[in-house]
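Report on the following structure.
The values are calculated or read from the model by the stated rules, or taken from the named source; none is laboratory data. Please read these numbers as outputs of a predicted model, since none were measured by experiment. Heads up, the Cβs are rebuilt from the backbone with ideal geometry, glycines too, and the neighbour counts pull from every protein chain shown. Just the protein is used for accessible areas: all its heavy atoms, side chains included, with ligands, DNA and RNA removed. Shrake-Rupley method; radii C 1.70, N 1.55, O 1.52, S 1.80 Å.
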Amino acid sequence: SRIYAKYSTLYRYPFADEQVSFYGLSDGFNLTLNPETGKSYEIGGDYSPIENLTIILSLFQMNLKDEIVWDNVLSKNINLDETNHRGVEIYMSYHIKELMNFIGKYAYHKAEFEKGVYNGKELPFVPNHHFSAGLDFTLPYNIHLCPEMIYVSDSFLGNDFDNSSEKLD
């Protein structure tokens, strides 16, 4: 078993393709784009109640300033007002002899604006629920076959900052 707590600061300088238009969609260089900054908090742990079974749980929160996203109207990347990402992740793995592993994951993620005109609204393209389950079969010569099923819940479309449109399935 293990329990941990983690705090970190975040800094992400815009990538070159976020600052420069290569395809003539905007005016070339985007000199107004600021780096993303923020603080991240996480607590969690893992536990093995029986042999071959591992369960991992973590809770997280990220407070971001100047998060970078694409704006379809302006045809360039922009900085958002302050945002908050928080959630929980649960992971389970069960090892069945030397033949296979069963793996299951669930994540709940809530991302919202914390300030500005969209305060309290959800960020586009951030689904609240993500679930996956799969098997990892060990074949001869260290070859692995890994079928997996993934479910991702709906989210607001890009640039729907006021959450006024239907969600993307």
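Some points to look at:
- A single member of Tyr41, Tyr13 is in contact with a Phe, Trp or Tyr (Cβ under 9 Å, 6 or more places away or on another chain), aromatic (Phe, Trp, Tyr) and open to solvent by 50 Å² or more (accessible area, probe 1.4 Å), and it is Tyr41.
- Unique match (being surrounded by 17 or more Cβ atoms within 10 Å (Cβ to Cβ) and under 23 Å from Leu57 (Cα atoms)) among Lys105, Lys110: Lys105
- Members of the stretch 18-48 found to be at pLDDT below 95 and acidic (Asp, Glu), listed by number: Glu18, Asp27
- Looking across the stretch 143-159 at every residue that is under 18 Å from Tyr108 (Cα atoms) and of a type in the set (Val, Ile, Thr), the one that is surrounded by the most Cβ atoms within 10 Å (Cβ to Cβ) is identified as Val152.
- Positions within the stretch 68-82 being open to solvent by less than 30 Å² (accessible area, probe 1.4 Å) and over 15 Å from Val20 (Cβ atoms), in sequence order: Asp71, Leu80
- Failed criterion for Gln61 (all others in (1) farther than 29 Å from Ala16 by Cβ; (2) more than 14 Å from the chain's Cα centre (by Cα) hold): (2)
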